[in-house]
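Worksheet for the structure shown next.
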Amino acid sequence: MQIKLFPPLLYLLAPWLFIHSAQAQSIVPISNVPTIVQPEPCAAFCLTVTPTVCVTAEANQRCQQPLRIEWQGLPTTQNPCAYINNELLYCWTEQTISYSTEQPGSHGEWEGIITWPEEGTVSLTDESGTIVAEVPLSTQSLKPRRAVQRWSSSK
């Protein structure tokens, strides 16, 4: 007997089918389950940028896409700024920096649409202008650039 499933239903059942077939083969004792490693706490600054890659259909297309920046710093952090390839994107002030009792220190967020560089970095600076954290950015295309072929005139 052949069963035909509606495609969306198949996506819903796929994890169940996988788990069921894995359970039929063997049962894994709890002691053998790997533990999840928690990320280390921030030292002075943590910078999170999402996403870090913008994808275009063609190699020469400019990419405009939302970017989200989050940082966490020391309680004494004042006026940090975010840059993309050394161009000022945003500076936080005392009014835009948040402080939390759950996590010691200061915290800031920014979100907006940017024109992505082909290759670059998001940098976070402290109040003195010193770069305290960086995250690389890039633009990738689904169709790579064609290699330029040079004609040779050999006789």
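Brief remarks follow.
- Criterion applied to 72, 78, 25, 95 was being over 25 Å from residue 140 (Cα atoms) and modelled with pLDDT under 80, and the one residue passing it is 25.
- When the residues of region 104-142 are filtered to those that are touching a Ser or Thr at 6+ places or on another chain (Cβ under 9 Å) and in a loop (DSSP other than H, G, I, E, B), the one that is farthest from residue 90 (Cα to Cα) is 142.
Residue by residue, here is whether (1) among the aliphatic types (A, V, I, L, M); (2) on the phi < 0 side of the Ramachandran plot; (3) within 19 Å of the chain's Cα centre (by Cα) holds:
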{"residue": "59", "(1), (2), (3)": "yes, yes, no"}
{"residue": "76", "(1), (2), (3)": "no, yes, no"}
{"residue": "123", "(1), (2), (3)": "no, yes, yes"}
{"residue": "127", "(1), (2), (3)": "no, yes, no"}
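- Considering residues of region 98-120 that are surrounded by 14 or more Cβ atoms within 10 Å (Cβ to Cβ) and either in contact with a His (Cβ under 7 Å, 6 or more places away or on another chain) or hydrophobic (A, V, I, L, M, F, W, C) (or both) only, the residue farthest from residue 55 (Cα to Cα): 110
- When residues of region 49-97 are limited to those that are farther than 20 Å from residue 121 by Cα and touching a Gly at 6+ places or on another chain (Cβ under 7 Å), the one surrounded by the fewest Cβ atoms within 10 Å (Cβ to Cβ): 75
- Restricting region 127-155 to residues that are at pLDDT 90 or above, surrounded by 11 or more Cβ atoms within 10 Å (Cβ to Cβ) and hydroxyl-bearing (Ser, Thr, Tyr), the residue that is farthest from residue 57 (Cα to Cα): 138
The values are calculated or read from the model by the stated rules, or taken from the named source; none is laboratory data. All figures in this text were calculated on a predicted structure; none of them were measured in a lab. Because the Cβ atoms are built from the backbone with ideal geometry, glycine has one as well, and the counts that use them run over all protein chains shown.
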